[in-house]
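Below is one structure; the comments refer to it alone.
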Amino acid sequence: MKKLKQNIIRIVAAVFVLASFASCDEVGDTDPGGTSVESMAGDWYVQTFVNGKLAVNYTLLSTYNTSADDGKEMWIDDHGKIWTFKVKSPVTLGSLTFAGSKLASSVDGYNITVNVTDGKVTKNDTKTTGGHIVDGISFKAEFSDDPGTIYEIKGYKRTGFKEDEH
């Protein structure tokens, strides 16, 4: 009986040891990687100007990859804070630029087109309101339901620091 207990204890201990080795086995590459427009994507605090005058103070704008994730276009989404638009804009990754004409906005019930010009993302050259150096974004937009008015949109990448939030 005593030998039987010792054998059972040894077997249970062996199972735990073998299980611990098996649980450390890495199952392939666990790094999900990035998207094709990762260098241009993010949340941005931007200001909007018309004829050099502030029209919309700091608000959140997002840029992100499309489902194609082919490095040829990205979404620009103002979350309804500037003009209520969400467009796929062609991009040039090498120069971090973007632009497009008559881009259809994907906002339900609000069918407009947007001309985006002079779009660019700059790396580590923009100062946040809190004093941090981060990436910058700028572009011009003209909306089909306000033809002739050019909106200059520019700002900085969101840091998450309290002093940079708006």
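The values are calculated or read from the model by the stated rules, or taken from the named source; none is laboratory data. Since this is a predicted model, take the numbers as computed values, not measurements. Here Cβ is always computed from backbone atoms with ideal geometry, including for glycine, and neighbour counts include all displayed protein chains.
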**Study point:** Single match in Thr92, Thr97, Thr84 (criterion: over 19 Å from Lys120 (Cβ atoms) and among the β-branched types (Val, Ile, Thr))
**Key:** Thr84
Check your understanding: Does Gly42 satisfy the condition of being small (Gly, Ala, Ser) and surrounded by 15 or more Cβ atoms within 10 Å (Cβ to Cβ)?
Key -> yes
Practice item. Only residues that are in contact (Cβ under 8 Å) with a residue 12 or more places away in the chain and of a type outside the set (Ser, Thr, Tyr): list them for segment 57-76, please. Key: Asn57, Leu60, Leu61, Asn65, Asp69, Asp70, Gly71, Lys72, Glu73, Met74, Trp75, Ile76
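Only strands (runs of 3 or more DSSP E) wholly contained in segment 82-161 count here; list those with 2 or more residues that are in contact with a helix residue (DSSP H, G or I) (Cβ under 6 Å, 6 or more places away or on another chain) and modelled with pLDDT of 95 or more.
Working: elements: 86-92, 97-104, 113-127, 133-143, 151-157.
Here the list is empty.
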